[in-house]
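Have a look at the structure below, then the notes.
The values are calculated or read from the model by the stated rules, or taken from the named source; none is laboratory data. Quantities reported herein were computed from a predicted structural model and do not represent experimental measurements. Neighbour counts run over all protein chains shown; Cβ positions are idealised from the backbone, glycine included. Note: accessible area is taken over every heavy atom of the protein model, side chains too, but ligands, DNA and RNA are not part of it. Shrake-Rupley method; radii C 1.70, N 1.55, O 1.52, S 1.80 Å.
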Amino acid sequence: MSSEIAARQIHLDGKVQGVGFRPFVYRLAREAGLVGWVSNGLDGVHIRVQGEREALDRFWEALLRKHPPIAAVTHSEIREAPLGTDSSFVVRESSQEGKATVLLLPDLDLCESCRSEMHDSKNRRFQYPFTTCTDCGPRYSIIRGLPYDRERTTMEPFPMCPECAREYRDPADRRFYSQTNSCPTCGVRVDLLDSGGARLASGIPALDEAAGRIARGEIVALKGVGGYLLLVDAANPRAVEELRRRKRRPTKPFALLFADLESIRREARAAPEEERWLLRREKPIVILDRREAGGSLAPGVAPEEDTLGIMLPSAPLPSLLLDRLAGPVVATSANLSDSPILATEREIVASLGHVVDAVLSHNREIESRLDDSVVRFSPFFRHPILLRRARGFAPLYLSEGFELDPEVAILAMGAHQKSTVALAHQGKIYLSQPLGDLESWESQENFRATLSHLRRLLSFVPKRIAVDLHPGYASTEAGRGLAGEWGLRVEKVQHHRAHFWSLLAEHSLLWEREPVLGVIWDGTGLGEDGAIWGGEFFLWREGRMERVAHFDYLPLLLGEKAIREPRLSAFGLWHSSEGLRERLEEKLLPVERRIYRALLARGDFPRSSSVGRLFDGVASLLGLADRVSFEGEAARGLERIALRLCRALGGVGAVRGREPYPLPSFPSGGVVGLDGLRAEIARDLVCGVPSEEIALRFHLSLASLVGRIVEGVGCRRVALGGGVFQNGLLVDLIEALWGERISVYIARELSPNDESISFGQMVASAWGSGSLRRVRS
Amino acid sequence: LGHGSGGVLMQRLLEPVFGLFSNPVLDERHDGAVVSVGSRIAITTDSFVVSPIFFPGGDIGRLAVHGTVNDLAMCGARPRYLALGLILEEGLPVGDLWRVLCSIRQAADECSVAIVTGDTKVVERGKGDRIFLHSTGVGELHPEAAVSARRIEAGDRILLNGPVGAHGIAILSVREGVSFESAIKSDSAPLHRSVLRLLERFGGRVHFLRDATRGGVATVLAEAAQQGGKGIEVEEAQIPVEEEVGSACEILGLDPLYVANEGRFLAVVASEIAEEALAELRRSGWPKAAVIGTVGEEHPGKALLWSRIGGRRPLPLLPGEQLPRIC
Ligand SMILES: [Fe+3]
Ligand SMILES: [Mg+2]
Ligand SMILES: [Zn+2]
Ligand SMILES: [Zn+2]
């Protein structure tokens, strides 16, 4: 019998704050009959335990194995400690000492226990829209400082009432040490305001009145977790149209908020993995196939689309509101075009007072603005594709398969659109929520604010700054400014290389002995030769990334204007094709025709290898979109009609045998010429081949090219990245054609679009400084 | 090439020029000009290399006079004298040269400035582009003038004298194949008279003046904010753009705020005189003059544009090359 007494000092790091970790440790230690303490620090959780050796060992094992499921321990350390004089086990005051390395927890949806209490008329939190426990509630959106304690969150102005304080101190309670604990007596107040900000009602009557107004067809702004959402009755066509008119948003589909899975199933078809994602704790918007028949939604919700973007409530407030309504609501971010989501009453009244009829608000502040996350699934193989990695995910990123040197401190500034920042700090990675397109001042302000918030939270002092090669990106400019201030040099990472770096790290391919081909197809990014890249093939071999091929440079007539007007891409690609002359010219005014021909004849245009623009050109040629009101609209139209045909034919397997358009698989001089593809598309069109057929063959041609180039350069692994790979049909076709012979990698935890640029820049810089290490799990 | 070596040929070329610009100072034919002006003077110098040299609404000669006169005006000075340098490419038709010189003479007369000294060089074919002009101007500072970016204050208003973008589009439209339905004429014009009227009436309450030439109104706003260390906000809806210029810009994918002008200027004035200054500008030949924005303490060093659909967009200094940033 070894009943010898010993003591241990333990340090755990990772996702260990805001997840009920201290209460868990407390209960574990008490059960084991140990004495000592647990405390939150800037670098995670510190524990001191003393008791019988056996009990200590059991405690240690349980600590690592039985912790709350939302927690994650990335670093654990235990050492022998001198015996102390503790007589019981206690939760100690948090310590502000040490370096901030703890992972910032994303916001968590309402847990089941809290949900049932909220619906229990005998519970004191009946209908309370801010109920939380250690297992649920807001985190990143309300955190002002570390360590994670109430006084360093926006819950600070709400002192707990005696009853809440009792729960907080009770080790047996679910709310033991719950920093966001509150109730109707002491907590957050919900208010209904008119469009000028005057209060109309508070508490339950405010909820009732807001629901009544939505049911009557009004537009109500709702304060969500990361900002305001605009809500209207999704079944009311007039209300939906009115929202489109007032928000000046002609066609871009609206997201929908449903009360439960059953009601979603009536409007959309969700595969099992899609349902799992709908129910995940991040509560993202999931893009689902819409049911043809039986739908009760207004047509204006998602005009033209075969899909619907649907989510379940991520917080008690929207959930309580939906309980009062007969059906789903449109739930779209409240913002001015190109500006961040609005997060204060003042902003909503000042900026969108003319859009909303009423505002359902509350007096807990939002510290970090977050949009809803969005995921879609590839249509056949059901690969998840993250289109926006925001609320519920940010700013957490847990790397698998590699480790960062804790000494390296990198700030990566990201792209210009879908901007994010990435931080490598104390061996951890922090990846911000998307901070919008940095065209508007408001977005730039939010970008700066988020960056300095993260820096302050973590006491982060970068030693390296990585930026895009493009000097005109607002993020590049900001990076240069900071580098100047701190006396650092900026490291420029080419845009499409950053896309590839991101994939190489995510899939731990950096140490791969066999070469990996990176197929990076994108909108536009500045290339190293001054051209606009976007159809790139890189080879990763022996620690070097080499550009081995690219699509032929073609006219990007009038630069940025071409991006808003796919008709210009079509004209640039096919202007010399006699058979299409009429079809193309009717897209242009006579004066435009004359001038654009002159510009083309003179060679007065940027040159681009962009596959995004190729999609635009084909889409416009087929009459799908000459001008777009949102990014990717044309490409989505092309995917949609191709997918309809593909399904009608019986799926991706059924189109394998079809003839693709000619694209040279062994490009001469590394240039994939487009002459054959252009000529055959033109011929098909002149012969009256239906648009769906052309669209599908176009997809098939690109898919076929990928594998042929992979085999041409003699490798067996391909990583697909860049905005074009938000196209699920393309991903599935590549897998159908090549999946048996080639390993295909797509973004998994991250997005294929420019949100991942900062992460890729960070990886490039870390690799360059030898700060990445492989770990095998 | 004989014209450049200073001999008889040069004499032959220049003799009529002296006649054309005849005035007592020039007629002295000395190596330099001796003039007298008030106590404080403004000096400016500028080169002109526009191609083509003739365009709707003007030519390189008028530009050379207006450009220099306007730079003096923006200092708050009354332009008095010009020194003119010509670099001619061998093969330039004498008729074209004469047309340019006449135009210079006419513009100088309109502006009441005398060309008091000059120089001509001829370069080999291929070493120039038909004609380059260089002009240096001397002006007499208005006694009340105190024009400097440092004087820009929070609360000030920003005035613009007329619709923007015509000059740049006029130049583009005479390039091969790029012509528009209606001919757009350059806005090249002298600005000193309007400026002096403002100074006469409002003196030191006119804080800053700048003509919006290359880089357009947007670049001047960005520079003014940067140099003055204040925040500038302008409203897109208040900035006049002629319809034809607007649609030409739309067709070419250009932002009219970044297109060059040769007869447009911004005046940053104390808020209390803004309305009267606007009325004065409108009376002095600029009926479409407008108050386009204000100066504030927010976002120092940056100029922002309130777009028509709401929301603000920073106006960066025109980057060297316009590369698409949208992905
Ligand atoms: Fe990209
Ligand atoms: Mg000048
Ligand atoms: Zn809970
Ligand atoms: Zn309470």
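Check A:F538, A:F551, A:F571 and return the single one that is farther than 23 Å from A:V467 by Cα and touching a strand residue (DSSP E or B) at 6+ places or on another chain (Cβ under 8 Å).
None of the other options fit; the residue is A:F551.
Quick grid of which residues meet (1) more than 30 Å from A:I70 (Cα to Cα); (2) open to solvent by less than 40 Å² (accessible area, probe 1.4 Å):
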residue: A:K283; (1), (2): no, yes
residue: A:L288; (1), (2): no, yes
residue: A:S296; (1), (2): yes, no
residue: A:G300; (1), (2): yes, yes
residue: A:D306; (1), (2): yes, no
residue: A:L317; (1), (2): no, yes
residue: A:L322; (1), (2): no, yes
Subject >> Some residue of the stretch B:225-248 being touching a residue at least 60 places away in the same chain (Cβ under 8 Å), closer than 24 Å to B:A77 by Cα and in contact with a helix residue (DSSP H, G or I) (Cβ under 8 Å, 6 or more places away or on another chain) >> reply: yes
**OP:** Tell me, yes or no, whether the stretch A:334-352 has at least one residue that is away from every other protein chain (no Cβ under 14 Å), under 29 Å from A:L279 (Cα atoms) and surrounded by fewer than 22 Cβ atoms within 10 Å (Cβ to Cβ).
**Re:** yes
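Filter the stretch A:353-367 down to the residues that are within 11 Å of chain B (Cβ to nearest Cβ) and either in contact with an Asp or Glu (Cβ under 9 Å, 6 or more places away or on another chain) or modelled with pLDDT under 95 (or both) and list them by number.
From the stretch A:353-367, those within 11 Å of chain B (Cβ to nearest Cβ) are A:354-355; that's our starting set.
A:H354, the sole residue that qualifies.
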Original post:
Can you tell me which residues in the stretch A:596-624 are crowded, with 17+ Cβ neighbours inside 10 Å, within 8 Å of another protein chain (Cβ to nearest Cβ) and aliphatic (A, V, I, L, M)?
Top reply: A:L599
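Residues are listed down the side, and each one gets a yes or a no for (1) open to solvent by less than 20 Å² (accessible area, probe 1.4 Å); (2) away from ligand 4 (no atom under 11 Å from the Cβ); (3) touching a helix residue (DSSP H, G or I) at 6+ places or on another chain (Cβ under 6 Å):
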residue	(1), (2), (3)
A:D149	yes, yes, no
A:P159	no, no, no
A:E163	no, no, no
A:R175	yes, no, yes
A:S178	yes, yes, no
A:C183	yes, no, yes
A:G187	yes, no, no
A:D194	no, yes, no
A:A198	no, yes, no
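Report the residue count in the stretch A:1-41 for those that are assigned to a strand (DSSP E or B), of a type outside the set (S, T, N, Q) and in contact (Cβ under 8 Å) with a residue 60 or more places away in the chain. Lay out the reasoning, then the answer.
Within the stretch A:1-41, the first condition is being assigned to a strand (DSSP E or B), and the residues that meet it are A:5-15, A:35-41.
Narrowing further to those that are of a type outside the set (S, T, N, Q): A:5-8, A:10-15, A:35-38, A:41.
Then drop every residue that is not in contact (Cβ under 8 Å) with a residue 60 or more places away in the chain, which leaves A:5-8, A:10-15, A:41.
Of the residues in that region, 11 qualify.
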**OP:** State which residue is most open to solvent (accessible area, probe 1.4 Å) when the search covers only the stretch A:101-135 and only residues that are within 16 Å of ligand 4 (Cβ to nearest atom) and assigned to a helix (DSSP H, G or I).
**Re:** A:E117
Original post:
Any idea which of B:G162, B:G228, B:G168, B:G215 is touching a Pro at 6+ places or on another chain (Cβ under 8 Å) and open to solvent by less than 20 Å² (accessible area, probe 1.4 Å)?
Top reply: B:G162
Original post:
Only one of these conditions is not met by A:L589: (1) more than 16 Å from ligand 1 (Cβ to nearest atom); (2) within 30 Å of A:L517 (Cβ to Cβ); (3) open to solvent by 20 Å² or more (accessible area, probe 1.4 Å); (4) not charged (D, E, K, R). Which number is it?
Top reply: (2)
**OP:** Would you confirm whether any residue within the stretch A:635-655 is within 13 Å of chain B (Cβ to nearest Cβ) and either more than 32 Å from the chain's Cα centre (by Cα) or buried (at least 17 other Cβ atoms within 10 Å of the Cβ) (or both)?
**Re:** yes
Subject >> Residues located in the stretch A:42-70, provided they are outside any strand (DSSP E or B), in contact with a Leu (Cβ under 7 Å, 6 or more places away or on another chain) and either closer than 26 Å to A:M155 by Cα or open to solvent by 20 Å² or more (accessible area, probe 1.4 Å) (or both) >> reply: A:L42, A:I70
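Condition check: open to solvent by less than 50 Å² (accessible area, probe 1.4 Å) and without any contact (Cβ under 8 Å) to a residue 60 or more places away in the chain. Does B:G311 satisfy that? Before you say what the answer is, go through the steps one by one.
On the way: open to solvent by less than 50 Å² (accessible area, probe 1.4 Å): yes; without any contact (Cβ under 8 Å) to a residue 60 or more places away in the chain: yes.
Yes.
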Original post:
When the stretch B:67-99 is examined, which residues are found to be part of a helix (DSSP H, G or I), modelled with pLDDT under 95 and crowded, with 17+ Cβ neighbours inside 10 Å?
Top reply: B:L97
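Test A:L322 against the criterion of being assigned to a helix (DSSP H, G or I) and not basic (K, R), and give yes or no. Show your work before the answer.
Details: assigned to a helix (DSSP H, G or I): yes; not basic (K, R): yes.
Against the criterion (assigned to a helix (DSSP H, G or I) and not basic (K, R)), A:L322 qualifies.
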Subject >> Complete set of residues in the stretch A:214-248 that are modelled with pLDDT under 95 and under 22 Å from the mean Cα position of the chain (by Cα) >> reply: none
Subject >> Any chance B:S47 is more than 12 Å from ligand 2 (Cβ to nearest atom) and either touching a strand residue (DSSP E or B) at 6+ places or on another chain (Cβ under 8 Å) or among the polar types (S, T, N, Q) (or both) >> reply: no
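Of the residues A:E536, A:E582, only one is more than 9 Å from every other protein chain (Cβ to nearest Cβ), surrounded by fewer than 23 Cβ atoms within 10 Å (Cβ to Cβ) and of a type outside the set (V, I, T); which? Quick ask: steps written out before the conclusion?
Details: A:E536 fails: surrounded by fewer than 23 Cβ atoms within 10 Å (Cβ to Cβ).
Within the list A:E536, A:E582, the selection yields A:E582.
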Original post:
So is A:A466 in contact (Cβ under 8 Å) with a residue 40 or more places away in the chain, assigned by TED's automatic domain parsing to the domain that holds A:R391 and either assigned to a loop (DSSP other than H, G, I, E, B) or not polar (S, T, N, Q) (or both) or not?
Top reply: yes
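Does B:L252 meet the test of being surrounded by fewer than 22 Cβ atoms within 10 Å (Cβ to Cβ) and either at pLDDT below 95 or more than 14 Å from chain A (Cβ to nearest Cβ) (or both)? If you could, list the steps in order and put the result at the bottom.
On the way: surrounded by fewer than 22 Cβ atoms within 10 Å (Cβ to Cβ): yes; either at pLDDT below 95 or more than 14 Å from chain A (Cβ to nearest Cβ) (or both): yes.
Spelling it out, B:L252 is indeed surrounded by fewer than 22 Cβ atoms within 10 Å (Cβ to Cβ) and either at pLDDT below 95 or more than 14 Å from chain A (Cβ to nearest Cβ) (or both).
Can you tell me which residue in the stretch A:547-577 is farthest from the chain's Cα centre (by Cα), limited to those that are free of Cβ contacts under 8 Å to residues at least 12 places away in the same chain and farther than 30 Å from A:R708 by Cβ?
Here is the first cut: in the stretch A:547-577, the residues free of Cβ contacts under 8 Å to residues at least 12 places away in the same chain are A:560-561, A:576.
Imposing the further condition that a residue be farther than 30 Å from A:R708 by Cβ reduces the set to A:560-561.
On the way: A:E560: 25, A:K561: 27 Å.
In this case the residue turns out to be A:K561.
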Subject >> the stretch A:550-563, residues that are facing another protein chain (nearest Cβ under 8 Å) and either open to solvent by 30 Å² or more (accessible area, probe 1.4 Å) or of a type in the set (D, E, K, R) (or both) >> reply: A:L558, A:E560, A:K561
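Taking the stretch A:463-476, which residues are more than 11 Å from chain B (Cβ to nearest Cβ) and open to solvent by 10 Å² or more (accessible area, probe 1.4 Å)? Give the derivation first.
Going through the stretch A:463-476, the residues more than 11 Å from chain B (Cβ to nearest Cβ) turn out to be A:463-467.
Correct list: A:K463, A:R464.
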